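What follows is calculated from the coordinates using simple rules that are stated; it is not laboratory data. Nothing here was measured: the structure is a model prediction, and the numbers come from that model. Cβ sites come from the backbone with ideal geometry, for glycine too, and all protein chains shown count toward neighbours.
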Amino acid sequence: MRRDFVIDGFVFGSATIEGDDATNTILNMYDELRRPDISYVLISGLIVSMYNIIDIKKLYDSLKIPIIGISYNDSLGIESALKHHFPDSFESKISLYRKLRKREKITLNTSHDVFVRKEGCTLSDVKHLLNELTLHGSVPEPIRVSQLLAKTLLQKKLSF
């Protein structure tokens, strides 16, 4: 979605439940778009599909555009959950999780708080972008639209 809210394409990908492939899936999705005019990647949550952790540093190093992960609730972290769900292999997941660094809180012009992790941009850049893209509530329009599309595909039992 462009900053003027025009939708000019979609791309689909999937991540393995409890896997480690979400980062590479995003890189493949970016390549599939074949769009040199993409100016940032905005992701709703950096831990998807039951602890498949997205490495935003790797995304930034590969794509050379700002990467922003956004969440909507504060939390104490997931280290104990990782130890519980991956008793024989939690070290690698915890290492990747710690690379994400601490989330930073932003209060949007809509008066809602969000929590972000970022690579390749400043917190001020992120706040400006999110205020441009969030018309109401706390969910930026590109994420809101993608979530609506994903929900509809799941309800219709369509997959890619």
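Remarks
- Long pairs among K105/K151; K83/K151; K58/K102; K58/K83, criterion Cα-Cα beyond 19 Å: K105/K151; K83/K151; K58/K83
- Straight-line cross-link partners of K93 among the aspartates and glutamates, defined as a Cα under 15 Å from its Cα and at least 8 positions apart when in the same chain: E18, D20, D21, D55, E79.
- The 3J(HN,Hα) values that the Karplus relation (6.51, -1.76, 1.60; θ = phi - 60°) gives for region 108-116 are, in residue order, 7, 4, 7, 6, 9, 9, 10, 10, 10 Hz. Gly and Pro appear as x.
- Residue-averaged [θ]222 nm for the chain, counting only DSSP H segments that reach four residues, each worth -39500 (n - 2.57): -11500 deg cm²/dmol
- q = 0.13, 0.20 Å⁻¹, the chain: log10 I(q)/I(0) [Debye, one scatterer per Cα]: -0.65, -1.52
- Dipole magnitude for the chain: computed about the Cα centre from +1 point charges on Lys and Arg Cβ and -1 point charges on Asp and Glu Cβ, it is near 180 debye.
- Lysines whose Cα lies under 26 Å from that of K156, excluding same-chain neighbours fewer than 8 positions away: none
- Whole-Hz ³J(HN,Hα) from phi, Karplus 6.51 cos²θ - 1.76 cosθ + 1.60, for region 2-9, glycine and proline x: 7, 5, 8, 6, 7, 8, 10, x
- When the trypsin sites (Lys or Arg not before Pro) in region 120-160 are filtered for DSSP coil states and for at most 15 other beta-carbon atoms within 10 Å of their beta-carbon, the remaining sites are K156, K157.
- Restricting the chymotrypsin sites (Phe, Trp or Tyr not before Pro) of region 1-104 to loop positions (DSSP other than H, G, I, E, B) with no more than 15 neighbouring Cβ atoms within 10 Å leaves F5, F10, F12, Y72.
- Scanning residues 5 or more positions from I43 or on other chains, those with amide H under 5 Å from its amide H are I68, G69, I70, with H placed 1.01 Å from N in the peptide plane.
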